[in-house]
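Report on the structure given below.
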Amino acid sequence: MHVTRLDLSGFRSHRRTRIEVDARPVAIFGPNGAGKTNLIEALSLLSPGRGLRRAAAADLTRHPADLGWRVGAELVAGGETREVETRAAPGQPRAVRIDAKAASQADLGRLLRVLWLVPAMDRLWIEGAEGRRRFLDRMTMSLRPGHAEAALAYDKAMRERNRLLRDDVRDPAWYRALEARMAAAGAEIAHGRAAAVAQVMAAQEAVRTGFPISDLSLRDPEGAPPLSAEALAAGRERDRAAGRSLVGPHRADLEAVYRAKGVAAASCSTGEQKALLISLILANARALKAQIGAAPVLLLDEVAAHLDAGRRAALYDEIGALGCQAWMTGTGAGLFDDLGARAQRLSVTEGAAAEGSLVVPA
């Protein structure tokens, strides 16, 4: 499972860019602001959702032209070569085509599995639960693509129920169908998350790794009843006072403990938290490979810069053992010396994106 060609038009800083690569890891280096992260953000849009920066479609177009944007790719998945395109015209939502036919974002998730780690995630364990739920759901969606559809169904029903609560609607008939849909989708979400955590935990146990192992657990708000249509009905008055639904998978949290030290991730040092995150991404990739027979595409933004030489070498060795195509960015070519001939290198020149000749083999 790997990308062989990436074409960008009007995307972020890229007026027009084409990259052709093989299945090996890709080391991308160049000065800050040259467009390295924009490249891997484009790759992240080959999966469902809003990409690694969670940007709205309108924010991805290159300014000042504002003509809309396009990300095209040729990729190999399941032994077949496929053509994928995602784009958005000005004022229009993002559209997807696979092999020249209209497709959904969920179809992308079934075709290509993509995992990423970016510097914005470094504070995952010490900030709010929302970021950890996104991390958990990305993990779950990678292993169970249908998780995205369950999450969308749940969110839609919850938004409609919240609107009724805010409008002080009292008729129970208006709530019953929504609460039944929330309960059904919520149960699927909870089951998927628990299964994903179990798979990733098992993947951690299966190999020796140069990174610390986490013990993961799921936690609901203290005192929250198990989600059901009956529990939602019983909590309507409390939810009406709050103006929103107070129980359900949208309130869950992911907790991690550094096993060797018995310390919660939130209490670990910055370096330890980063290492725990890298370990989980690698374990997620191993779980996927065990499940579908192919490793996912990894997107690792500025990951090498925050690791000492030993951990950097361990990361490259584990990527090599996985046999995955990992796209890694860094400011200097020397950060990737330990990869040797195992990787291909792309040099990104500052300002060249606007001229249409951004990337050259190094």
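The values are calculated or read from the model by the stated rules, or taken from the named source; none is laboratory data. Because the structure is predicted, anything quoted here is derived from the model rather than measured. A quick note on method: Cβ atoms are made from the backbone with ideal geometry, for glycine too, and the neighbour counts reach across all protein chains shown. When the accessible area is computed, the model is the full protein with side chains, heavy atoms only, and any ligands, DNA or RNA have been set aside. Shrake-Rupley method; radii C 1.70, N 1.55, O 1.52, S 1.80 Å.
Observations on the model:
- In terms of Cα atoms, the Rg and Dmax of the chain work out to 21.5, 68 Å.
- Ranking by accessible area, most exposed first, for 75, 152 with a 1.4 Å probe: 152, 75
- Dimensions in Å of segment 186-244 - Rg and Dmax from alpha carbons: 17.1, 52
- Placing unit charges on the Cβ atoms of the charged side chains and taking the dipole of the chain about its Cα centre, the candidate lying farthest along the positive direction among 333, 184, 1 is 184.
- Ellipticity estimate at 222 nm from DSSP helix runs (n ≥ 4, -39,500 (n - 2.57)) divided over the chain, nearest 500: -12500 deg cm²/dmol
- Note on residue 337: accessible area is roughly 110 Å² with a 1.4 Å probe, heavy atoms of protein only.
- Note on residue 274: aspartates and glutamates with a C-alpha under 13 Å away, same-chain residues under 8 apart excluded, are 122, 301, 302, 308.
- Where 289, 156, 36 fall by accessible area, highest first, once all protein chains stay in place (1.4 Å): 156, 289, 36
- Applied to segment 123-129, the Karplus parametrisation 6.51 cos²θ - 1.76 cosθ + 1.60 on θ = phi - 60° returns per-residue 3J(HN,Hα) values of 9, 3, 7, 10, 9, x, 5 Hz, with x for Gly and Pro.
- Exposure of residue 121 as accessible area (Å², to 10), given a probe of 1.4 Å and all protein chains: 30 Å²
- Prolate/oblate/rounded label for segment 1-141 (Cα gyration tensor, a/c 1.5): rounded
- Rounded Å value of the spacing that divides the Cα centres of segment 65-137 and segment 1-22: 14 Å
- Rounded to the nearest 20 debye, the dipole magnitude of the chain is 440 debye, with +1 charges on Lys and Arg beta carbons, -1 on Asp and Glu beta carbons, and the Cα centre as origin.
- Length gained when the stretch residue 270-residue 321 is fully extended (0.36 nm per residue, less Cα-Cα span): 15.7 nm
- Each listed q (0.10, 0.18 Å⁻¹) maps to a log10 I(q)/I(0) for segment 196-346 from the Debye sum over equal C-alpha point scatterers, namely -0.49, -1.06.
- Sorting 1, 158 on solvent-accessible area from highest to lowest, probe radius 1.4 Å, gives 1, 158.
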